[in-house]
Amino acid sequence: MDDPLSPGLYLVATPIGNLGDITRRAVEVLDRVSIVACEDTRVTGKLLHHLGLSKRMIRYDDHASPQDRARLVEIMRNEPVALVSDAGTPLVSDPGYRLVRTAREEGISVTSLPGASAAVLALTLSGLPNDRFLFAGFLPAKEKARDAELRELAGLRATLIFYETAPRIVAALDAVARVLPGREIAVARELTKKFEECRSGSAEDLKAHFEAKPAKGEIVLLIGPPPDEAVTAIDAEAMLREELRYAKPSQAAAAVAKATGLDRKSLYARALELK
């Protein structure tokens with residue numbers, strides 16, 4: 001297809017592993033744009049070479065400055081520009097949000113092409129409830145912040161989806177075991193690749209597995225929603241004990257009450273006993 005594309009920004013999803021997963025429309029758009037903005041020119045260069053395409057590439061990553069963004073916006077006023085991430089759908093835990101926002105504010109056309117997404121693929125493989133889910137990006141690297149984020153999301157009646165790195169998956173599972181005891185967990189890794197795996201179970205069991213067999217590759221961590229039955233006294237006490245590691249009894253009681261819907265005064269009394 002030789003017809004030029006209209007000026008604007010084109011968000012193009014790329015494969016997350018298996019190069020055969022790129023869509024026909026994505027190839028057509030990449031072939032017809034003037035410029036490809038990308039996180040890493042080496043990674044995108046390999047994909048373009050595989051597709052038999054030669055394109056001018058401009059680096060646009062997490063460290064891009066407002067000037068870099070303004071430069072791209074000026075180009076797309078008159079030319080079609082594609083934005084890709086290293087893998088998957090742009091903007092999903094990848095750079096691009098501010099670029100899209102600025103383009104829209106400037107009245108520039110923005111077109112998004114559907115394609116691969118590790119979060120959605122992992123959800124379909126996991127067997128966890130998928131009628132409601134929350135994608136929350138990467139968990140914080142530090143223990144206190146990671147625990148705080150899990151506590152904040154504890155009361156949501158939805159499957160939680162996080163991206164995680166192989167070196168941190170054991171620590172993440174340890175946090176889930178402490179902060180969200182009793183939840184069903186799934187860990188998906190190397191999606192669409194030769195050694196694709198989706199392992200389900202308790203956080204404790206999965207932690208033991210990956211301690212014995214360290215994970216490799218990129219990982220999606222999924223946490224099932226709270227059980228339908230009311231939170232038991234044992235669950236509440238476990239949550240209180242975890243909160244009391246960092247917080248005063250009043251704060252711990254408030255956090256557990258918010259997450260579970262249990263009576264705050266009763267929780268506070270028990271927190272004082274545990275403290």
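Each reported figure results from applying straightforward, stated rules to the coordinates on display, with no laboratory input. Since we're looking at a predicted model, the values are computed, not measured. Neighbour counts run over all protein chains shown; Cβ positions are idealised from the backbone, glycine included.
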- prompt: Helix 264-274: angle to the longest alpha-carbon principal axis of the chain, degrees 0 to 90, nearest 10?
  reply: 70 degrees
statement: Rounded to the nearest 0.05, FRET efficiency between Phe195 and Arg59 (Cβ-Cβ, R0 51 Å) equals 0.95
query: Residue separation times 0.36 nm, minus the C-alpha to C-alpha distance between Val110 and Glu237: what's the value?
result: 40.7 nm
message: At a 10 Å Cβ-Cβ cut-off, how would you order Leu206, Leu5, fewest neighbours first?
response: Leu5, Leu206
- request: Rounded to the nearest Å, what's the spacing between the alpha carbon centres of the stretch 109-179 and the stretch 54-83? Just the number, please.
  value: 30 Å
statement: Volume per residue (Å³) of the convex hull spanned by the alpha carbons of the stretch 34-89 is 80 Å³
task: Report the percentage of all Cα-Cα pairs in the stretch 160-275 whose separation exceeds 23 Å, rounded to a whole percent.
output: 39 percent
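How big is D, in µm² s⁻¹, for the chain by Stokes-Einstein at 20 °C and 1.002 mPa s if Rh is the Kirkwood radius over C-alpha pairs?
Working: Rh = 20.8 Å.
D = 103 µm²/s.
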- line: Quick calc: nm separation of the 7 Å Cα→Cβ label points for Ser34 and Ala212 -> 5.9 nm
task: Any chance you could get the radius of gyration and Dmax over the Cα atoms of the stretch 1-114, in Å?
output: 12.8, 36
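Quick one: work out the % antiparallel among DSSP beta bridges in the chain, nearest 5. Could you put the intermediate results ahead of the total?
Details: 17 of 36 bridges.
Bridges in the chain that DSSP calls antiparallel: roughly 45 percent.
Which whole number in µm²/s is D for the stretch 51-139 by Stokes-Einstein, with the Kirkwood Rh taken over Cα pairs at 37 °C and 0.692 mPa s?
Reported coefficient: 216 µm²/s.
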field: the stretch 102-143 - convex hull of the alpha-carbon atoms, volume per residue in Å³
entry: 160 Å³
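Count the net charge of all other residues whose Cβ sits under 11 Å from the Cβ of Asn18, scoring Lys and Arg as +1 and Asp and Glu as -1. Don't skip to the answer; put the middle values down first.
Details: positive: Lys193, Lys194; negative: Asp21, Glu190, Glu196.
For residues surrounding Asn18, the net value is -1.
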message: I need His63, His209 ordered by Cβ neighbour count within 10 Å, fewest first.
response: His63, His209
field: Cα pair count fraction exceeding 24 Å, expressed as % - the stretch 104-218
entry: 28 percent
task: When a/c is below 1.5 the answer is rounded, else prolate if a/b is larger than b/c, else oblate, so apply that to the stretch 233-274 with a ≥ b ≥ c taken from the square roots of the Cα gyration tensor eigenvalues.
output: rounded
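So what's the back-of-envelope 222 nm ellipticity for the chain, counting only DSSP H runs of four-plus at -39500 (n - 2.57) apiece and dividing by all residues, rounded to 500? Numbers along the way, then the final one.
Details: 11 runs with 115 residues, N = 275.
After summing the helix terms and dividing by the residues of the chain, the value is -12500 deg cm²/dmol.
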message: Full-extension gain between Ser93 and His50, please, as 0.36 nm times their residue separation minus the C-alpha to C-alpha distance.
response: 13.0 nm
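Looking at the stretch 1-111, send over the antiparallel percent of its DSSP beta bridges, to the nearest 5. Before the final figure, lay out the partial values.
Values: 1 of 14 bridges.
Rounded to the nearest five, the antiparallel share is 5 percent.
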